[in-house]
Structures are given as C-alpha cells and as structure tokens.
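Undergrad: This is the structure I want to talk about, given as structure tokens.
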Amino acid sequence: MDTREVIDRYYETVNAGDWDTWLTLFADDLVVDEQLAGHLEGVAPLRGAVGAMKKGYSKFLMLPEHVVIEAEQAAVIWHCEAANASGVPIDVRGANYFRVEDGKIVYMANFHDKGAFAPFTSQKLD
C-alpha cells in the first residue's frame, strides 16, 4: 500500500472498531508519541492498548477532516466522537502525524487536548 492507502485504511479500521486489522498497519519496530500513552516503541504496547480501547469506549470514531500527504509522510486533522464505557461523551479535535515505509506505519504522533479524554482516562474499569 502507498501512504494514502495506509492512512485511509488506518481511519477505516479505527472507525469500524477493527483493531486486529488496525494493528497490521504498523511496522513491528514502530515508534509512537501518544499524548495519553506516552512514548511507545514496538507494536507490542499497541496490542496492549487495544484491550483498553475495547473495554474503555462504548463508541469511538475518529473522523478525518483534512489530510495532507507528501511522499511517505501524512498529517491528518481529525474530529473524535467517542464515549467512555458508561456512555459519557467525548468530543475533541486533534491531529496525527505519520511516517510510512514499505506500506507500514513506522512513526506516529498525535496532538490533542488531553483533558478532553478525561471521561476515558478517569474511569474505573474492571
């Protein structure tokens, strides 16, 4: 897949809740700078995050509003419409930056208001 296809597939799988396919979009040795999870190296931490996503959100949509692609880089401005496990709404806008090599995401960073995700981060799950 080229960069555009990878990015389109990223948002398709997120919005379908198809986290297993979503994981296949990442290189095994990827690096992620994620505002809620911090600095991650390798795909294994993302596998662990999928469980929290499945359990912690009753709704999770990340809707691209503006996409810019240049060669192996992409920037996406998005609108997230979500709800925590008990249905408390989350509404936030932010951006992702991606670097893609050989059809896989090798680097991703996101930028958003961390406080907007408090209904997710502050809930007690068990």
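The values are calculated or read from the model by the stated rules, or taken from the named source; none is laboratory data. From a predicted model like this one, the values you see are computed outputs, not experimental measurements. So basically every Cβ, Gly included, is an ideal-geometry build from the backbone, and we count neighbours across all protein chains shown. Note: accessible area is taken over every heavy atom of the protein model, side chains too, but ligands, DNA and RNA are not part of it. Shrake-Rupley method; radii C 1.70, N 1.55, O 1.52, S 1.80 Å.
Undergrad: So how long is each side of the stretch 61-126 along the principal axes, counting just the alpha-carbon atoms, biggest first, in Å?
TA: 41, 25, 17
Undergrad: Related question: So, taking all protein chains as they sit and a 1.4 Å probe, how much accessible area belongs to D2, in Å² rounded to tens?
TA: 80
Undergrad: If the viscosity is 0.692 mPa s and the temperature 37 °C, what translational diffusion coefficient in µm²/s does Stokes-Einstein give for the stretch 16-56 when Rh comes from Kirkwood over Cα pairs?
TA: Answer, rounded: 308 µm²/s.
Undergrad: Quick one: order W19, W78 from most to least accessible surface, probe 1.4 Å.
TA: Sorted descending by solvent-accessible area, the residues read W19, W78.
Undergrad: Now a separate question. Using a probe radius of 1.4 Å on heavy atoms only, what accessible surface per residue do you get for the chain? Whole Å² is fine.
TA: 52
Undergrad: Leaving ligands, DNA and RNA out of it, work out the accessible area of D29 with a 1.4 Å probe and give it in Å² to the nearest 10.
TA: Its accessible surface works out to 120 Å², give or take rounding.
Undergrad: Would you kindly find the accessible area of L30, with a 1.4 Å probe and non-protein molecules such as ligands, DNA and RNA excluded, rounding to the nearest 10 Å²?
TA: It works out to around 0 Å².
Undergrad: So, one more: Can you tell me the Rg and the Dmax, both Å, for the Cα atoms in the stretch 53-95?
TA: In order Rg, Dmax, the Cα atoms of the stretch 53-95 give 12.9, 41 Å.
Undergrad: If you fit an axis through the alpha-carbon atoms of helix 3-16 and take the longest principal axis of the Cα set of the chain, what angle between them do you get, 0 to 90°, nearest 10?
TA: The helix 3-16 is inclined about 20 degrees to the chain.
Undergrad: Taking only DSSP H segments of four or more residues, each worth -39500 (n - 2.57), what value at 222 nm results for the chain once the sum is divided by all its residues, to the nearest 500 deg cm²/dmol?
TA: It comes out at -8000 deg cm²/dmol, rounded to the nearest 500.
Undergrad: How fast does the chain diffuse by Stokes-Einstein, in µm²/s, taking the Kirkwood radius from C-alpha pairs at 10 °C and 1.306 mPa s?
TA: 108
Undergrad: If you don't mind, there's one more thing I want to ask. Quick one: angle between helix 44-56 and the longest Cα principal axis of the chain, in degrees between 0 and 90, rounded to 10, please.
TA: Once rounded, the angle reads 40 degrees.
Undergrad: Roughly speaking, to the nearest percent, how much of the stretch 8-61's 1.4 Å accessible area is carbon and sulfur?
TA: Carbon with sulfur: 51 percent of the solvent-accessible area.
Undergrad: Separate question: Treating cross-link reach as a plain straight distance, find the aspartates and glutamates whose alpha-carbon is under 20 Å from the alpha-carbon of K114, omitting any fewer than eight places away in the same chain.
TA: Cα-Cα hits under 20 Å: D33, E34, E65, E81, D91.
Undergrad: Something else: Sum up the charges of everything whose Cβ sits under 14 Å from the Cβ of E41, counting Lys and Arg as +1 and Asp and Glu as -1, but leave E41 out.
TA: Net charge in that neighbourhood comes out at -3.
Undergrad: Here's a follow-up. Under 8 Å for C-alpha pairs, at least 6 residues apart: give me the relative contact order for the chain, rounded to a whole percent.
TA: 25 percent.
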